[in-house]
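These notes are about the structure you will find just below.
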Amino acid sequence: MSREGVGPLVESVQELNPVDAASLLGTQPHEAIREVLSALPDAQALSIASHLPGSISPEGADTVALVSELDVHVGEIMSPPIGTVSPDTTVAGAIDNLVHRKSVTEVTYFYVVTQSGVLQGTVTLRDLLLSKPGQVLSEIMTVDPFSFSPETPLSEAVQAALGKRYRLYPVTDEEGVLQGIVYGWQLFESVAGEINAQTGTLVGLDKEERISTPFLQSFRMRHPWLQVNLLTAFAAAFVVGAFENTIAQIVALAVFLPVLAGQSGNTGCQALAITLRGITLGELGDYPVRKLVFKELALGAMNGFIVGLVAAAAMWIYAASDGTEAPALLALVILVAMTGACMCSGLFGVMVPLTLQRWGADPAMASSIFLTTMTDIVGMGLMLALATAIVL
């Protein structure tokens with residue numbers, strides 16, 4: 001699509017909701033999509049970009065909640081600079097420059113650079129409208145504007161963008177020479193793509209695997225983690241097997257094993273998601289790990305106790321109707337086990353990604369596999385041990 005055709009498309013997109021707008025843009029060439037999104041307000045562009053094929057919904061800081069370490073830098077996604085002018089350009093000259101462009105919407109700022117390309121300042125269109133035609137841009141520009149370097153990691157750029165919320169950002173090298181520009185929506189669109197890859201690592205999928213990946217290559221990428229999962233599952237099975245006599249005497253316990261595993265596993269996944277979010281956004285630098293651990297332990301205890309009350313009542317009713325001895329004691333076992341298991345799963349949800357990071361591994365890499373195993377071992381082991389000690 002030519003640049004002349006972008007204007008009407010922008011107007012059409014602005015009148016649609018994000019889903020319909022993404023559907024419309026999805027039929028356009030990549031270059032047209034980029035130009036349309038760059039012409040929209042930042043928030044609207046991010047919302048539409050999140051619904052484009054291959055991305056997921058970013059909601060403010062949630063956009064990067066699952067990204068642990070992005071191996072992408074600003075220089076890889078920046079575009080060539082647009083709207084560069086010399087310091088002695090007049091306001092009238094800058095406006096003339098703007099008027100004679102094929103697409104006025106492509107210019108958000110004028111970048112004031114020296115002959116050697118060093119960025120000295122920026123001038124907004126509002127600055128031009130409020131200044132006298134004969135004034136030079138060096139008199140009205142914003143000096144030393146915020147900028148990224150090409151080596152800035154994408155994760156750091158996103159954190160800065162969440163605070164600054166500019167529409168676009170200049171990219172300069174160590175000498176201050178303007179290298180390019182990067183739009184705010186580009187940062188979040190890139191993160192959305194990385195999230196698609198990173199979420200797969202939670203269950204052992206390789207970040208490089210796609211729908212079109214050949215069968216044998218997909219097999220080689222996935223199977224090793226399934227072997228790891230099998231070994232960890234054997235560990236959980238060993239714990240259950242150690243209490244075989246207890247299960248044989250109190251069959252009702254076998255019915256509640258998956259209930260306990262499911263609740264403690266979900267509690268751990270919640271803590272895991274929050275911890276990964278903290279790592280990604282750099283929040284753990286300001287929020288002590290010890291405080292996070294105590295918080296998740298307290299949340300696990302509260303949630304486990306409340307859920308445990310319901311499960312205990314169900315156990316009491318089930319055991320009594322089934323003729324099992326000591327239904328009240330079994331209900332107590334379920335309550336205590338559920339509370340303890342949820343506390344431990346909250347602890348594991350924090351410590352698993354932090355431990356992986358400490359070892360130099362991707363904090364998201366197969367975290368759910370290790371988390372599930374640890375919560376199953378502790379939860380099932382605690383319930384069966386309590387039943388053996390209290391009931392038998």
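What the table below lists for this structure:
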quantity	calculated
Filter result (among the hydrophobic types (A, V, I, L, M, F, W, C), at pLDDT 90 or above and farther than 25 Å from Thr90 by Cα) within segment 140-191	Phe148
Matching residues, segment 143-176, being surrounded by 14 or more Cβ atoms within 10 Å (Cβ to Cβ) and at positive phi	Gly176
Members of segment 104-136 that are over 19 Å from Tyr166 (Cβ atoms) and crowded, with 17+ Cβ neighbours inside 10 Å	Ser131, Val136
Tally of residues being in a strand (DSSP E or B) and on the phi > 0 side of the Ramachandran plot across segment 88-120	0
Which listed residue, of Glu151, Glu106, is farther than 27 Å from Val10 by Cβ and touching a residue at least 12 places away in the same chain (Cβ under 8 Å)	Glu151
Filtered residues of segment 75-100 (kept if modelled with pLDDT of 85 or more and aliphatic (A, V, I, L, M))	Met78, Ile82, Val85, Val91, Ala92, Ala94, Ile95
Hits in segment 259-283 - residues which are more than 30 Å from Ala313 (Cα to Cα) and either in contact (Cβ under 8 Å) with a residue 40 or more places away in the chain or within 12 Å of the chain's Cα centre (by Cα) (or both)	Ala273, Ile274, Thr275, Leu276, Arg277, Gly278, Ile279, Thr280, Leu281, Gly282
Selection from segment 232-249 of residues that are more than 15 Å from Gly379 (Cα to Cα) and in contact with a Ser or Thr (Cβ under 9 Å, 6 or more places away or on another chain)	Asn245, Thr246
Residue match in segment 302-310 (condition: β-branched (Val, Ile, Thr), touching a Leu at 6+ places or on another chain (Cβ under 9 Å) and either in contact (Cβ under 8 Å) with a residue 40 or more places away in the chain or on the phi > 0 side of the Ramachandran plot (or both))	no
Residues of segment 143-184 satisfying the condition of being among the polar types (S, T, N, Q) and within 12 Å of Tyr111 (Cβ to Cβ)	Ser147, Thr172, Gln179
Within segment 313-363, tally of residues that are part of a helix (DSSP H, G or I), in contact (Cβ under 8 Å) with a residue 60 or more places away in the chain and either over 17 Å from Asn303 (Cα atoms) or of a type outside the set (A, V, I, L, M) (or both)	16
Any hit, segment 289-312, residues being over 19 Å from the mean Cα position of the chain (by Cα), assigned to a helix (DSSP H, G or I) and polar (S, T, N, Q)	yes
Total residues in segment 236-255, condition in contact (Cβ under 8 Å) with a residue 24 or more places away in the chain, assigned to a helix (DSSP H, G or I) and within 14 Å of Thr324 (Cα to Cα)	6
Residue count, segment 330-371 (criterion: modelled with pLDDT under 90 and either surrounded by fewer than 22 Cβ atoms within 10 Å (Cβ to Cβ) or not polar (S, T, N, Q) (or both))	19
Matching residues in segment 270-301 - criterion: being surrounded by fewer than 17 Cβ atoms within 10 Å (Cβ to Cβ) and over 29 Å from Ala160 (Cβ atoms)	Phe294, Ala298, Ala301
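The values are calculated or read from the model by the stated rules, or taken from the named source; none is laboratory data. These numbers were taken from a predicted model, which means no experiment stands behind them. Positions of Cβ are backbone-derived with ideal geometry, glycine not excepted, and every protein chain shown enters the neighbour counts.
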